[in-house]
Amino acid sequence: MSSGVAHFMEGIVAKNPAEKEFHQAVHEVVESIFPVIEQHPEFKKAGILERIVEPERVLMFRVPWQDDDGEVHVNRGFRVEFNGALGPYKGGLRFHASVNLGILKFLGFEQIFKNALTTLAMGGGKGGSDFDPKGKSDNEVMRFCQSFMTELHRHIGPDTDVPAGDIGVGGREIGYLFGQYRRLTNRFDAGVLTGKGLGWGGSLIRPEATGYGTVYFAQEMLGTRDESFEGKRVLISGSGNVAQFAAEKVMELGGKVISMSDSSGFIIDDAGMDQEKLQFVFDLKNKRRGRIREYSERFKGAEYHEGRGVWNTPCDVALPCATQNELTGEDAEILLKNGCIAVSEGANMPSTPDAVDLFVARKTLYGPGKAANAGGVAVSGLEMAQNSQRMSWTREEVDAKLHWIMKNIHSTSVETAERYGTPGNYVNGANIAGFLRVAHSMLDQGLT
Ligand code: NDP
Ligand code: 2IT
């Protein structure tokens, strides 16, 4: 670490104690952009770096709700409005027991650069709650969402801040949140949330977008070495929204999906997934809300393993699509030893810093989350555009735009990495390209 970066990070840690994921996310970006700032005295003079690591606004609120037995519970709600230089704050809501301010600040910080890479007009934000949806009835989830929105509604709007889904927030939750927003405001502000149902302002391809986009990004990386998904063995972690549609696209491109996981364990299916197996996962995870273990009970030949270890099986391509820091340096060593050539991150910050260092040092085709999983928020941006037009585009039209955006993020990352003297380093390419767009916009807008 350069002494300048070390000094800067000391300040970040002192000012934001106990926010270790936020420190990690800032460190990775600052490593990439420090040399760029040295070359741009105007950024230094305007304090761009000092301002970009400080959220414009953080909201934190009580969310009281009653369970089906009438017992009262209190969770904590958050919205981090990190940077609005490019457009309304935009980013998902995460409902998971582990949620805290540090995790949402890391996610909001990543979102600034991710959204910039899409080229659309979206600032960066993130929110959520430490509410744990596991084992809750539909009615309990609805009452929680209504209580959460009862506070959040006064802070958001189609031109102000536009939340969407993330871990634990999918179509069901967006529906309940939208209903409550509409009731409180007496407005059908379609553009206030994305990931809506198709009948009431949602966009075709939004559910698929993150997973498809991660695979499109991997396809571009493979293309730089005249490779493709055809016949490749692919490990996928997670079994939620991102993992499911990554699996669908890999299969469509001729790859063989051999794993899925959840927080209890993982399955290895050496024969590879097919349409029937994928439909089973859709139903298991989106309707019955069961555990991935059931896959191995239903399909002969698939093994279930309790706990972690999904990266230990030989593969050509790895797609981490579960959560942060799920792929360690040790996992990265094993993947590379087993011949893995490409890693495309569907999740946000799934690789630990030592894993990232290893991928970069070994010249692995490594697509960091803020580039590789930008397809989700990109189609959220397209959903907002359709809502503004009061029109909806066809599946083909949205998918073509998503594909173009992912190709463009790939080529921009490649060109930027080259221009700044680190060819092949997608981490630097994505961080610098995203940063430059935000930094120039902040300069244009004066001291904000
Ligand atoms: P879902 O809630 O649909 O699925 C999350 C999946 O990850 C589940 O299989 C879940 O298992 C697993 N998981 C969650 N936490 C852990 C954990 N601590 N350890 C192991 N497994 C875990 O969420 P998404 O698919 O939407 O999100 C997955 C990742 O993709 C997240 O990092 C998210 O930030 C990122 N992302 C999502 C986007 C979107 O549009 N949805 C866009 C861009 C990135 P279990 O059911 O056991 O909890
Ligand atoms: O991490 C992410 O980019 C998301 N969860 C999607 C955000 C969005 O606004 O669609």
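The values are calculated or read from the model by the stated rules, or taken from the named source; none is laboratory data. Just so you know, these numbers come straight off a predicted model, no measurement behind them. Cβ coordinates were reconstructed from backbone atoms using ideal geometry, including for glycine residues, and neighbour counts include every protein chain displayed.
Does Ser203 satisfy being buried (at least 24 other Cβ atoms within 10 Å of the Cβ) and in contact with a Cys (Cβ under 8 Å, 6 or more places away or on another chain)?
Criteria not met by Ser203.
Just wondering, is there one or more residues in the range 401-417 that are more than 22 Å from the chain's Cα centre (by Cα), basic (Lys, Arg) and surrounded by fewer than 22 Cβ atoms within 10 Å (Cβ to Cβ)?
no
Could you please find all residues in the range 212-238 being within 8 Å of ligand 1 (Cβ to nearest atom) and in contact with a Phe, Trp or Tyr (Cβ under 8 Å, 6 or more places away or on another chain)?
Ser237
Within 15 Å of Lys196 (Cα to Cα) and either within 11 Å of ligand 2 (Cβ to nearest atom) or crowded, with 24+ Cβ neighbours inside 10 Å (or both) - does that describe any residue in the range 120-138?
Looking through the range 120-138, none of the residues is within 15 Å of Lys196 (Cα to Cα) and either within 11 Å of ligand 2 (Cβ to nearest atom) or crowded, with 24+ Cβ neighbours inside 10 Å (or both).
From Thr194, Thr210, grab the single residue that is within 13 Å of ligand 2 (Cβ to nearest atom), in contact with a helix residue (DSSP H, G or I) (Cβ under 7 Å, 6 or more places away or on another chain), in a helix (DSSP H, G or I) and of a type in the set (Val, Ile, Thr).
The match here is Thr210.
Assuming Lys134 fulfils every condition listed in (1) in a strand (DSSP E or B); (2) farther than 27 Å from Asn186 by Cα apart from one, which condition is it?
The failed condition is (1).
State yes or no: is Ile432 among the hydrophobic types (A, V, I, L, M, F, W, C) and more than 13 Å from ligand 2 (Cβ to nearest atom)?
yes
Scan the range 103-131 and report the pairs whose first residue is farther than 21 Å from Trp65 by Cβ and whose second residue is of a type in the set (Val, Ile, Thr) and within 11 Å of ligand 1 (Cβ to nearest atom), with Cβ atoms within less than 8 Å and a gap of 6+ or a chain change.
What qualifies is Gln111/Val377; Lys114/Val377; Asn115/Val377; Thr118/Val377; Met122/Val377.
For the range 72-101, name all the residues that are aromatic (Phe, Trp, Tyr) and farther than 27 Å from Ser441 by Cα.
Matches in the range 72-101: Phe95 only.
I'd like the residue in the range 142-177 that is of a type in the set (Val, Ile, Thr) and away from ligand 2 (no atom under 11 Å from the Cβ) and, out of all such residues, is surrounded by the most Cβ atoms within 10 Å (Cβ to Cβ).
Ile156
Does Ser259 fit the bill of being surrounded by 20 or more Cβ atoms within 10 Å (Cβ to Cβ), under 18 Å from Thr323 (Cβ atoms) and out of contact with any Asp or Glu (no Cβ under 6 Å at 6 or more places or on another chain)?
yes
Could you tell me which of the residues Gly70, Gly77 is outside any helix (DSSP H, G or I) and without any contact (Cβ under 8 Å) to a residue 40 or more places away in the chain?
So the residue among Gly70, Gly77 that is outside any helix (DSSP H, G or I) and without any contact (Cβ under 8 Å) to a residue 40 or more places away in the chain is Gly70.
Would you check if there is a residue in the range 24-40 being under 26 Å from Thr412 (Cα atoms), among the polar types (S, T, N, Q) and outside any helix (DSSP H, G or I)?
No - not one qualifying residue is present in the range 24-40.
May I ask you to list the residues in the range 82-119 that are surrounded by fewer than 24 Cβ atoms within 10 Å (Cβ to Cβ) and more than 14 Å from ligand 1 (Cβ to nearest atom)?
Gly84, Ala85, Leu86, Gly87, Pro88, Leu101, Gly102, Thr119
Can you confirm whether the range 372-379 contains a residue that is within 16 Å of ligand 1 (Cβ to nearest atom), surrounded by fewer than 24 Cβ atoms within 10 Å (Cβ to Cβ) and among the β-branched types (Val, Ile, Thr)?
no
Test of understanding: among Glu397, Glu383, which residue is at pLDDT 95 or above, more than 16 Å from ligand 1 (Cβ to nearest atom) and not aliphatic (A, V, I, L, M)?
Glu397
Would you be able to say whether some residue in the range 148-170 is out of contact with any Leu (no Cβ under 8 Å at 6 or more places or on another chain), aromatic (Phe, Trp, Tyr) and at negative phi?
The answer is no, given that none of the residues of the range 148-170 is out of contact with any Leu (no Cβ under 8 Å at 6 or more places or on another chain), aromatic (Phe, Trp, Tyr) and at negative phi.
Quick one: which of Leu184, Leu204 is closer than 21 Å to Leu93 by Cα, assigned to a loop (DSSP other than H, G, I, E, B), of a type outside the set (Lys, Arg) and out of contact with any Pro (no Cβ under 6 Å at 6 or more places or on another chain)?
Leu204
Report, by residue number, each residue of the range 304-353 that is of a type in the set (Ser, Thr, Tyr), under 21 Å from the mean Cα position of the chain (by Cα) and over 24 Å from Arg225 (Cα atoms).
Residues satisfying the conditions are Thr323, Thr328, Thr352.
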